[in-house]
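S.K.: Okay, handing you the structure first.
The values are calculated or read from the model by the stated rules, or taken from the named source; none is laboratory data. For clarity, every value in this text was computed on a predicted model and none was experimentally measured. Note that each Cβ is placed from the backbone with ideal geometry, even for glycine, and that neighbours are counted across all protein chains shown. The area values use the complete protein model at the heavy-atom level, side chains included, leaving out ligands, DNA and RNA. Shrake-Rupley method; radii C 1.70, N 1.55, O 1.52, S 1.80 Å.
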Amino acid sequence: MTPIQSYIKEHKQQFLNELTELLKIPSVSADSAFKKDVLNTADFVLDSLKKAGCDKVELCETPGYPIIYGEKIIDKNLPTVLVYGHYDVQPADPIDLWTSPPFEPVIKKTEIHPEGAIFARGACDDKGQMYMHVKALEYMTSTGNLPCNVKFMIEGEEEVGSESLAWFVPRNKEKLANDVILISDTGMIANDIPSITTGLRGLSYVEVEVTGPNRDLHSGLYGGAVANPINILTKMIASLHDENNHITIPGFYDNVEELSTEERAEMAKAPFSLEKYKDALKIDDVYGEKGYSTNERNSIRPTLDVNGIWGGYTGEGAKTVIASKAFAKISMRLVPHQDWKEITELFKNHFESIAPKSVKVVVTPHHGGQGYVTPTNNIAYKAASKAYENTFGKTPIPQRSGGSIPIVALFEQELKSKTILMGFGLNSDAIHSPNEHFGIWNYLKGIETIPYFYKYFTELHKAS
Ligand code: BES
Ligand code: MN
Ligand code: MN
């Protein structure tokens, strides 16, 4: 057993108890009813960084939720790792689909996590993964194994678009100066197939409103003679994809990065079972853009999805009505070189242009962000890869993810540093869904792997 393994074994119960306390606080950033809880979570994180050995911790006020900053600078000549994570979580609803309450963490065994997983909103995204870094720091400071400087920046608005962080970063460039940014807020292929996330998709999120007549109408008296905004909206949405599931917005694909045949062949080497994929979701077939594999569709290709749609009567029984308005929330996942503001503009122009005269359309942009691709030929990636080799006994596979952490592109722009995405979650951990969980094995493996990253990064940095 290595020293870190014995440390983890000795402190396992404490690590689980602390994460349980953190998960009990419902830090839902999207819902202002949880404001106090979000603020309490910020205090919890501040306190935990102090205990983990930071010399300086600060609660940094912003126009929104505070950012928790912590640092331990041991030598100005050594490299600095900046850890980013988020303490806010997604809303827990639909609550009735949870098998145990979302903010009362419990450990349950699953097929994929036979040693148990902790079930709670935020267990994997991102409290559990963020807290691995706090515990890894605690190990390094308390045993004299911290090889370089470290800074922490933990925000409370990731799940709602990181607006306050986008305000904070450009104003604090010096404070945040670093040699590499380290984030655990993604996943890996499987516990026996470690992977490092090398790409994130960008995002453009919009809301549309279609208005027909000035009031709700009797569908018998007016039906057939005026535009029904729900009929129109669904027709407009349906027209956004063609028969090959290509997106029809003019110019949408103009800047999409096309991967070479070699790059696609390399990607296809990653272990993947379509049968298992379908079985996990209980679907008879997959669905998507013609000419691309499932893994390509959900990583290197852009998408357009309706995330919510409403209007008219949805209560009990029947009501014969033509609603005055219909609404939808639509998100587009973007790939490298697609600019999210440009895409938002293209969507808006196109959506307004396809509306018949009989309705009015308003497109309101929400948040968005650029995609990101991490290089694999730098010392940061090499250090991460070596760290996994040490603790998993296997070389991790580089893999692009379909998810988004829009702030990562901004880090590069403002702080001029690259990000390494060491995620320890699994797709089956149900992030954003009912029954979110995080494997105990994954939690502890993360704590074990992180200190090796610091070690190898510092060594490679000195040698370079
Ligand atoms: N941690 C996720 C993103 C993620 C998860 C990336 C798994 C890769 C693998 C993050 O908290 C998240 O949910 N991001 C949002 C975007 C944000 C602007 C709301 C997303 O991807 O929908
Ligand atoms: Mn996250
Ligand atoms: Mn999330």
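A quick yes/no check of all residues on (1) closer than 15 Å to Ile183 by Cβ; (2) within 16 Å of ligand 3 (Cβ to nearest atom); (3) surrounded by fewer than 20 Cβ atoms within 10 Å (Cβ to Cβ); (4) at pLDDT 95 or above:
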residue: Tyr372; (1), (2), (3), (4): yes, yes, no, yes
residue: Glu389; (1), (2), (3), (4): no, no, yes, yes
residue: Ser404; (1), (2), (3), (4): yes, yes, no, yes
residue: Glu412; (1), (2), (3), (4): yes, no, yes, yes
residue: Lys418; (1), (2), (3), (4): yes, no, yes, yes
residue: Ile431; (1), (2), (3), (4): yes, yes, no, yes
residue: Asn435; (1), (2), (3), (4): no, yes, yes, yes
residue: Glu448; (1), (2), (3), (4): no, no, no, yes
residue: Leu460; (1), (2), (3), (4): no, no, yes, yes
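S.K.: Here is a follow-up. Please state which of the following conditions Glu111 fails to meet, knowing it meets all the rest: (1) touching a residue at least 40 places away in the same chain (Cβ under 8 Å); (2) assigned to a loop (DSSP other than H, G, I, E, B).
M.R.: Only one criterion in (1) touching a residue at least 40 places away in the same chain (Cβ under 8 Å); (2) assigned to a loop (DSSP other than H, G, I, E, B) is unmet by Glu111, namely (1).
S.K.: Examine the stretch 272-290 for a residue that is touching a residue at least 60 places away in the same chain (Cβ under 8 Å) and open to solvent by less than 50 Å² (accessible area, probe 1.4 Å), and state whether such a residue exists.
M.R.: No, the stretch 272-290 contains no residue that is touching a residue at least 60 places away in the same chain (Cβ under 8 Å) and open to solvent by less than 50 Å² (accessible area, probe 1.4 Å).
S.K.: Among the residues of the stretch 237-282, which ones are closer than 30 Å to Asn349 by Cβ and modelled with pLDDT under 95? Break it down into steps so the answer makes sense when it comes.
M.R.: Taking the stretch 237-282 first, the residues closer than 30 Å to Asn349 by Cβ are 237-259.
Passing the criteria: Glu257, Glu258, Leu259.
S.K.: Right, something else. Given the criteria touching a Pro at 6+ places or on another chain (Cβ under 6 Å) and either open to solvent by 50 Å² or more (accessible area, probe 1.4 Å) or acidic (Asp, Glu) (or both), does Val335 qualify? I'd like the intermediate steps shown before the answer.
M.R.: Numbers: touching a Pro at 6+ places or on another chain (Cβ under 6 Å): yes; either open to solvent by 50 Å² or more (accessible area, probe 1.4 Å) or acidic (Asp, Glu) (or both): no.
Answer is no for this residue.
S.K.: Same structure, new question: Go over the candidates Pro147, Pro170 one by one and state the one that is more than 16 Å from ligand 3 (Cβ to nearest atom), assigned by TED's automatic domain parsing to the domain that holds Ala92 and under 26 Å from Tyr205 (Cα atoms). Explain how you work it out, then say what you get.
M.R.: Working: Pro147 fails: under 26 Å from Tyr205 (Cα atoms).
After ruling out the rest, the residue left standing is Pro170.
S.K.: I'm told His367 meets every condition in (1) away from ligand 2 (no atom under 16 Å from the Cβ); (2) farther than 27 Å from Ser428 by Cβ; (3) surrounded by 14 or more Cβ atoms within 10 Å (Cβ to Cβ) except one. Can you identify the failing condition by its number?
M.R.: Failed condition: (1).
S.K.: Considering each residue of the stretch 89-108, count those that are part of a loop (DSSP other than H, G, I, E, B), more than 16 Å from ligand 3 (Cβ to nearest atom), over 12 Å from Leu23 (Cα atoms) and open to solvent by 90 Å² or more (accessible area, probe 1.4 Å), and give that number. Steps first, please.
M.R.: As a first pass, look at the stretch 89-108 and keep what is part of a loop (DSSP other than H, G, I, E, B): 90-94, 98-105.
Narrowing the set further to residues that are more than 16 Å from ligand 3 (Cβ to nearest atom) leaves 94, 98-101, 103-105.
Then keep just the ones that are over 12 Å from Leu23 (Cα atoms); that gives 94, 98-100.
Among the residues that remain, those that are also open to solvent by 90 Å² or more (accessible area, probe 1.4 Å) are: 99.
Here the count works out to 1.
S.K.: Limited to the stretch 338-353, what total is found for residues that are buried (at least 16 other Cβ atoms within 10 Å of the Cβ) and either part of a helix (DSSP H, G or I) or more than 20 Å from the chain's Cα centre (by Cα) (or both)?
M.R.: Residues in the stretch 338-353 being buried (at least 16 other Cβ atoms within 10 Å of the Cβ) and either part of a helix (DSSP H, G or I) or more than 20 Å from the chain's Cα centre (by Cα) (or both): 8 in total.
S.K.: Moving to a separate point now. Within the group Asn295, Asn307, Asn255, which residue is open to solvent by less than 60 Å² (accessible area, probe 1.4 Å) and either free of Cβ contacts under 8 Å to residues at least 40 places away in the same chain or of a type outside the set (A, V, I, L, M, F, W, C) (or both)?
M.R.: Asn295
S.K.: Let me ask you something else. Residue under question is Lys173, and the condition is that it be more than 14 Å from ligand 1 (Cβ to nearest atom), surrounded by fewer than 23 Cβ atoms within 10 Å (Cβ to Cβ) and touching a residue at least 24 places away in the same chain (Cβ under 8 Å); does it hold?
M.R.: yes
S.K.: Considering only the stretch 199-245, how many residues are of a type in the set (S, T, N, Q) and either crowded, with 20+ Cβ neighbours inside 10 Å or not assigned by TED's automatic domain parsing to the domain that holds Lys348 (or both)? If you could, list the steps in order and put the result at the bottom.
M.R.: Of the residues in the stretch 199-245, the ones of a type in the set (S, T, N, Q) are 204, 211, 214, 219, 228, 231, 234, 239, 244-245.
Remaining after also requiring either crowded, with 20+ Cβ neighbours inside 10 Å or not assigned by TED's automatic domain parsing to the domain that holds Lys348 (or both): 204, 228.
Qualifying residue count, the stretch 199-245: 2.
S.K.: Say we look at the stretch 114-169 and pick out the residues that are in a loop (DSSP other than H, G, I, E, B), open to solvent by 10 Å² or more (accessible area, probe 1.4 Å) and within 16 Å of ligand 1 (Cβ to nearest atom); which of these is farthest from Pro91 (Cα to Cα)?
M.R.: Restricting to residues being in a loop (DSSP other than H, G, I, E, B), open to solvent by 10 Å² or more (accessible area, probe 1.4 Å) and within 16 Å of ligand 1 (Cβ to nearest atom), the top hit is Gly161.
S.K.: Let me ask something additional. I'd like to verify a number: residues in the stretch 294-340 that are closer than 24 Å to Leu410 by Cα and modelled with pLDDT of 95 or more, how many? Before the answer, list the steps.
M.R.: Just the residues of the stretch 294-340 that are closer than 24 Å to Leu410 by Cα, to begin with: 298-304, 330-340.
Then keep just the ones that are modelled with pLDDT of 95 or more; that gives 298-304, 330-335, 338-340.
Selection size over the stretch 294-340: 16.
S.K.: Looking at the stretch 31-78, which of the residues that are acidic (Asp, Glu) and open to solvent by 50 Å² or more (accessible area, probe 1.4 Å) is nearest to Cys148 (Cα to Cα)?
M.R.: Top of the filtered list is Asp75.
S.K.: Okay, next question. Could you say which residue among Ile189, Ile181 is surrounded by fewer than 22 Cβ atoms within 10 Å (Cβ to Cβ), more than 10 Å from ligand 1 (Cβ to nearest atom), modelled with pLDDT of 95 or more and of a type in the set (A, V, I, L, M, F, W, C)?
M.R.: Values: Ile181 fails: surrounded by fewer than 22 Cβ atoms within 10 Å (Cβ to Cβ).
On inspection, the qualifying residue turns out to be Ile189.
S.K.: Continuing with this model, one more query. Output the residue which, of all residues in the stretch 388-427 that are of a type in the set (Gly, Ala, Ser) and within 16 Å of ligand 2 (Cβ to nearest atom), is farthest from Pro114 (Cα to Cα).
M.R.: So the first thing to find is which residues in the stretch 388-427 are of a type in the set (Gly, Ala, Ser), and the list is 393, 401-404, 409, 417, 423, 425.
Now narrow it down to the ones that are within 16 Å of ligand 2 (Cβ to nearest atom): 401-404, 409, 423, 425.
Details: Ser401: 26, Gly402: 27, Gly403: 27, Ser404: 29, Ala409: 37, Gly423: 20, Gly425: 15 Å.
Filtering the stretch 388-427 for residues that are of a type in the set (Gly, Ala, Ser) and within 16 Å of ligand 2 (Cβ to nearest atom), the one farthest from Pro114 (Cα to Cα) comes out as Ala409.
S.K.: Take the residues of the stretch 1-44 that are of a type in the set (Val, Ile, Thr) and more than 24 Å from the chain's Cα centre (by Cα): which is farthest from Ala117 (Cα to Cα)?
M.R.: Just the residues of the stretch 1-44 that are of a type in the set (Val, Ile, Thr), to begin with: 2, 4, 8, 20, 25, 28, 38, 41.
Subsequent filtering for residues that are more than 24 Å from the chain's Cα centre (by Cα) retains 2, 4, 8.
Numbers: Thr2: 24, Ile4: 21, Ile8: 17 Å.
The qualifying residue farthest from Ala117 (Cα to Cα) is Thr2.
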